[in-house]
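The values are calculated or read from the model by the stated rules, or taken from the named source; none is laboratory data. What you see is a predicted model; the values in this text were computed from it and never measured. Cβ: placed from backbone, ideal geometry, glycine included. Neighbour counts: every protein chain shown. Each accessible area value is taken on the protein alone, full model and side chains, heavy atoms only, with ligands, DNA and RNA left out. Shrake-Rupley method; radii C 1.70, N 1.55, O 1.52, S 1.80 Å.
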Amino acid sequence: MKAIETSVSDPDASRASALLRNPAAWQRARNDTTAPSGGKGSAIVVGSGIAGLTAAYRMHQAGMQVTVLEANGVVGGRMGDRRVGDIAFNSGARLVYPFGSAFNRLIADLSLHDVLIPLRHLTAQCVSPSGSHTIELMPSVRSLATPGLPMRERFALVSHALRMRAQRSRVDPDWAISAIADDPAADRQTLAEYVRDAIGPQALSSMIEPVFRSTRSFNPETLSALFYRSTVPHLIGEDTVYTLKGGMGCVCQALAGRLDVRTNAPVASIETMRDAVPDRRDGAAASTENVAARGRRCAVTLSDGTVLTADHVVCATEGSLAGALVRNPQREEREMLQAVRYNALGVVHYGFSQPLPPTMQFALRGAPGRISTFQQLPAAPANGRPLTQIYCQLTPEAAGEAERRGLTDNLDVLLRDELRARIPGFDRHVSAVVNQWIPRKLPVFAPGYGERLQAFWRWQENAAHNAERPVVYCGDWTSQALLTGACASGERAARIVLSRTQN
Ligand SMILES: Cc1cc2nc3c(=O)[nH]c(=O)nc-3n(C[C@H](O)[C@H](O)[C@H](O)COP(=O)(O)OP(=O)(O)OC[C@H]3O[C@@H](n4cnc5c(N)ncnc54)[C@H](O)[C@@H]3O)c2cc1C
């Protein structure tokens, strides 16, 4: 079966630049201009993930004319729902954490409280060759019962939890960099080093590492401690996360319903207009002075050659794609965009004709096999799942292997033998297979990334050069590798744009 890809086609850089220099092309593009509706001006948002749609919604609420351009045929980016035949799955996020204040504000403004479905005390079976133990997804006193923890680490865990809880008011779970203010070392240490020092090596390998590998697809030595240190203080003592009624895509769809969103509209380039161009409001050519007086405008060129202009552009694509879109970036933009990396994720979804009991298993690192998260989801026709489904997420190492061996469209090949050994008669009962490869799952907050990001936000929010820089960036890579973080970054991007409209 065909793999589902979330990547978008490469932008056409040279065409955009040519259009910018070509008055005839500007003339043709004239009718596609987002003209300012009132005194607040206009904005184009590139990317309709939760970050872009939040930014668009907040600017629209403030009276700006906003157009959202999305490369895919559906909105939501990594917060959406997909279906291939009878197999339903997510494009990304599956759970909403309770702590996201920007997201919670959005839910309140959209009157969407009813869509939040609480899931309490989520656990998984952590499986290794020597046995299995239950692992808590939200840290609680039950975490103390994790088998194999030496007494010294159990005591350390208690004092660590109390210390973390006390930091709650000092760190913001939507902003990984908020943990730097509390302790600059949080950005320099790896998560593995931090947990080993703060609790001990056994807690790292039997509690923290399986959760990071199976839910985030990260090994703890590849990340700084920022994610952990900004979120865990807000998780201790909580037992509830949420899923969304009607699917994870419902919030983005609700937002898109209130906005001017164009899907199947891949952007090829974003360029600041440096020369005089026809003024789209009155048809007269604006002088260079006039352009400067009202601040630079931006030209956004779609891959079909259509050019749109606006006073402001919010670039809400995945960070590693933004570098190829923005022409003539300033040094601060270029260096930040070049530093953004993502991990990749491979998942195989199987439709199964036999009932299977619900199961959620995480593999301990070093356990044989390529499956990191194994889940059996019984059929639930009322929820749109006609078949029993099996969710198999590859380990970070197996995802690397799939890339090296060119198997990203055929991940099933890597997992079949393992599944035959797990489930008797597997081949007989499999009725559908969907390979899902996500080349950009989560931004990698590697050691040092936080300080760079902090400097980038200072630069982005510095009002001194506002007229020179109509492009504002948002997305999870600027905030926190969570949908709530992405949402918070969209709100903050909108605030920057709105402050510029007042200058
Ligand atoms: C498998 C997976 C599981 C996850 N699980 C969770 C979870 O349980 N809980 C949680 O809180 N978070 C989770 N996350 C993270 C969360 O999904 C993301 O942090 C969040 O959705 C990112 O939103 P965003 O708006 O920053 O980016 P995106 O959703 O990636 O939006 C970017 C948009 O830009 C569009 N785009 C790109 N290039 C162009 C272009 N040239 N022109 C026009 N449009 C373009 C893309 O198509 C996309 O729609 C998960 C992510 C993944 C992938």
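Values computed for the structure shown
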| quantity | calculated |
| --- | --- |
| Residue in segment 51-68 that is open to solvent by 10 Å² or more (accessible area, probe 1.4 Å), in a loop (DSSP other than H, G, I, E, B), at pLDDT 95 or above and closer than 15 Å to Asp476 by Cα present | no |
| Search result, residues across segment 136-165 that are out of contact with any strand residue (DSSP E or B) (no Cβ under 6 Å at 6 or more places or on another chain) and either without any contact (Cβ under 8 Å) to a residue 12 or more places away in the chain or open to solvent by 70 Å² or more (accessible area, probe 1.4 Å) (or both) | Val141, Ala145, Met151, Arg152, Arg154, Phe155, Ser159, Leu162, Arg163, Arg165 |
| Given (1) open to solvent by less than 20 Å² (accessible area, probe 1.4 Å); (2) of a type outside the set (D, E, K, R); (3) not in a strand (DSSP E or B), number of the condition Gly323 does not satisfy | (1) |
| Positions within segment 121-135 being within 16 Å of the ligand (Cβ to nearest atom) and either more than 14 Å from Met360 (Cβ to Cβ) or surrounded by fewer than 16 Cβ atoms within 10 Å (Cβ to Cβ) (or both), in sequence order | Leu122, Thr123 |
| Any hit, segment 436-456, residues being of a type in the set (S, T, N, Q) and within 30 Å of Glu333 (Cβ to Cβ) | yes |
| Unmet requirement for Asn328, which otherwise passes all of (1) farther than 22 Å from Met79 by Cα; (2) modelled with pLDDT of 95 or more; (3) among the polar types (S, T, N, Q) | (2) |
| Test set (1) under 22 Å from the mean Cα position of the chain (by Cα); (2) in a loop (DSSP other than H, G, I, E, B) - Pro139 fails condition number | (1) |
| Looking only at segment 94-117, and only at residues there that are within 8 Å of the ligand (Cβ to nearest atom) and among the hydrophobic types (A, V, I, L, M, F, W, C), the one that is farthest from Asn383 (Cα to Cα) | Val96 |
| Sole residue being more than 23 Å from Cys298 (Cα to Cα) and free of Cβ contacts under 8 Å to residues at least 40 places away in the same chain, chosen from Glu401, Glu418, Glu451, Glu461 | Glu401 |
| Every residue from segment 334-364 that is surrounded by fewer than 18 Cβ atoms within 10 Å (Cβ to Cβ) and farther than 20 Å from Pro424 by Cα | Arg334, Glu335, Gln338, Arg341 |
| Hey, Arg469 at pLDDT 95 or above, touching a helix residue (DSSP H, G or I) at 6+ places or on another chain (Cβ under 9 Å) and outside the structural domain of Phe212 (by TED's automatic domain parsing) or not | no |
| Residue match in segment 77-93 (condition: within 17 Å of Met248 (Cα to Cα), in a helix (DSSP H, G or I) and either within 16 Å of the ligand (Cβ to nearest atom) or not assigned by TED's automatic domain parsing to the domain that holds Thr484 (or both)) | no |
| Count of segment 48-76 residues which are in contact (Cβ under 8 Å) with a residue 40 or more places away in the chain and either near the ligand (Cβ under 6 Å from one of its atoms) or of a type in the set (Gly, Ala, Ser) (or both) | 14 |
| Hits in segment 39-93 - residues which are more than 18 Å from the chain's Cα centre (by Cα) and of a type in the set (A, V, I, L, M) | Ala43, Ile44, Met59, Ala62, Met64, Val66, Val84, Ile87, Ala88 |
| Selection from segment 178-216 of residues that are under 26 Å from Ile50 (Cβ atoms) and either open to solvent by 40 Å² or more (accessible area, probe 1.4 Å) or touching a Ser or Thr at 6+ places or on another chain (Cβ under 8 Å) (or both) | Ser178, Ala179, Ala181, Ala186, Asp187, Leu191, Arg213, Ser214, Thr215 |
| Members of segment 204-223 found to be away from the ligand (no atom under 14 Å from the Cβ) and either more than 13 Å from Arg365 (Cα to Cα) or outside any helix (DSSP H, G or I) (or both), listed by number | Asn219, Pro220, Glu221, Thr222, Leu223 |
